[in-house]
Amino acid sequence: MKLDALLAAIRVESAGLAAALKAGRIPGESPAALGLRRAARLPVVAALYETLQIPILLLTDRLDHALTLLDELGLWLPQAPRLLFPEPNPLFYENAPWGLATRRDRLAVMTALAAYQIPGAVLPAKPPVVVAPVRALMSRALPRRDFLKSTRMRKLGQEISPDELARGWMQLGYERESTVVVPGQYARRGGLLDIWPPAEPHPVRVEFFGDEIENLRRFDPATQRTVAALERLQVTPAREFLLQNEAQVQALPSQIAPTDLSVHEFYIPYFHGLPASILDYLPRQAALLVDDYEAARGAALEIEEQAVTLRSEAMREGLLPADFPVPYLSWSELADAMPTARSLGLGG
């Protein structure tokens, strides 16, 4: 049987389930377990996606499983935007920056989901399917409210000085370079400003006539050739924390204060007191599908146990202050944040 015909048959069989998800009528205090065999789970995900056309977050226990699911989804949903929400490279309580790819991919997911909550934002032609391992959800993220408040929309004909635009980008965490080569950077040459928001496939050049935005265009950073003309540009934070002033860095405890004033995601709990995860970014119509609820729960509890041990060791060695905030959400906190009425456990 061809895949299209198979999906059509599954859509018919899962029509009642899709209707319950759409209406937010999934019963129970935790995701209802469908008890599907592993081979049947992705076809059901694809059928629900094609029927409902809503954003889907697919949660699994480990990163390698997330990568496998992301790859196999390409067979069942070749036209859908498939995004990975990765876990940070460092362990919890490890004083190290996240990798560039991790920053880019996480912020791209936040941008895609936040578009449903930003007035005037252009929604994608097809909603995204996001795959995430449980440790990625546990890692504290930039609170949704701060992300939305900091996102800026720039349009052709808008009046704003290049100086003001550049200052705003710096406050959002963009680093100034002579040439933009990776996401999270910006450059300025006279009346030309280049910026590469993490969710953009290419950097964008902003050209001014006085204080008026005269031209917006994506360009290839290697050849500098135009890729596409734009009418508007959405600029989101370039990292998962926001600094209001240098005093925040100066106030950090001596055990973890950076000697060169450079800070990274290790300090998220200090700069943002409200614990947040990608679950907070899900629009109201989105669905949470859990590959195997018990496997995800078990992985989360194991990660928590490891984190408690690492915290104790770091404090014993004088690497952490005694009041260092917890840099992750526990499984119980994640379970409380799950949209119960629109959550499903595929296995179980």
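The values are calculated or read from the model by the stated rules, or taken from the named source; none is laboratory data. This structure is a prediction, so every number in the text was calculated from the model and none was measured. As a convention, Cβ positions derive from the backbone with ideal geometry for all residues, glycine included, and neighbour counts pool all protein chains shown. With ligands, DNA and RNA removed, areas are computed over all heavy atoms of the protein, side chains included. Shrake-Rupley method; radii C 1.70, N 1.55, O 1.52, S 1.80 Å.
What is the percent carbon and sulfur in the accessible area of the chain, measuring with a 1.4 Å probe over the protein chains and ignoring ligands? Before the final figure, lay out the partial values.
Values: 8280 of 16400 Å².
Within the chain, the accessible surface is 50 percent carbon and sulfur.
Could you tell me whether region 267-348 comes out rounded, prolate or oblate from its Cα gyration tensor? Rule is a ≥ b ≥ c as square roots of the eigenvalues, rounded for a/c under 1.5, then prolate if a/b exceeds b/c, otherwise oblate. In terms of gyration-tensor shape, oblate. In the chain, the calculated helix contribution to ellipticity at 222 nm averages -10500 deg cm²/dmol per residue, counting -39,500 (n - 2.57) for every DSSP H run with n ≥ 4. Relative contact order of the chain, taken over Cα pairs closer than 8 Å and 6 or more residues apart, is 27 percent.
Which order do the peptides 316-329, 81-94 take when ranked by the mean count of other beta-carbon atoms within 10 Å per residue, highest first?
Working: 316-329: 14.4, 81-94: 19.4.
Top to bottom by mean Cβ count within 10 Å: 81-94, 316-329.
For the chain, give me the percentage of DSSP beta bridges that are antiparallel, rounded to the nearest 5 percent.
On the way: 23 of 42 bridges.
Counting only bridges with both partners in the chain, antiparallel ones make up about 55 percent.
Among the aspartates and glutamates, which fall within straight-line cross-link reach of residue 22, defined as a Cα-Cα distance under 20 Å, with same-chain neighbours fewer than 8 residues apart omitted? Excluding near neighbours in sequence, the set is 13, 50, 280, 291.
Can you tally the net charge around residue 285? Count Lys and Arg as +1, Asp and Glu as -1, for every other residue whose Cβ sits under 12 Å from the Cβ of residue 285. Before the final figure, lay out the partial values.
Numbers: positive: 22, 284, 342; negative: none.
Once positives and negatives cancel, what remains is +3.
In the context of the full protein assembly, residue 254 retains an accessible surface of approximately 100 Å², using a probe radius of 1.4 Å and ignoring ligands and nucleic acids.
GNM remark for the chain: springs join alpha carbons under 10 Å apart, and the peak mean-square fluctuation among 263, 131, 227 falls on 227.
On a per residue basis, the chain carries 47 Å² of accessible surface, using protein heavy atoms and a 1.4 Å probe. Largest GNM mean-square fluctuation across 135, 152, 38, computed for the chain with C-alpha springs under 10 Å, falls on 38. Peptides 238-248, 97-107 ordered by packing proxy, namely the average of other Cβ atoms within 10 Å per residue, highest first: 97-107, 238-248. Between the listed residues 119, 268, 191, the Cα displaced farthest toward the positive end of the dipole of the chain, a dipole computed from Cβ unit charges relative to the Cα centre, is found at 119. Structural descriptor for region 80-133: relative contact order 56 percent, calculated from alpha carbon pairs under 8 angstrom and at least 6 residues apart. Across region 11-127, Cα pairs under 8 Å and at least six residues apart give a relative contact order of 22 percent. Placing unit charges on the Cβ atoms only, positive for Lys and Arg and negative for Asp and Glu, gives the chain a dipole magnitude near 1000 debye about its Cα centre. Between 201, 79, 347, the Cα set farthest toward the positive side of the dipole of the chain (charges on each charged residue's Cβ, about the Cα centre) is that of 79.
Rounded, prolate or oblate: pick one for region 36-126, where a ≥ b ≥ c are the square roots of the eigenvalues of its C-alpha gyration tensor, a/c under 1.5 means rounded, and failing that, prolate if a/b is larger than b/c, else oblate.
Details: a/c = 2.50, a/b = 1.21, b/c = 2.07.
Note, shape of region 36-126 comes out oblate.
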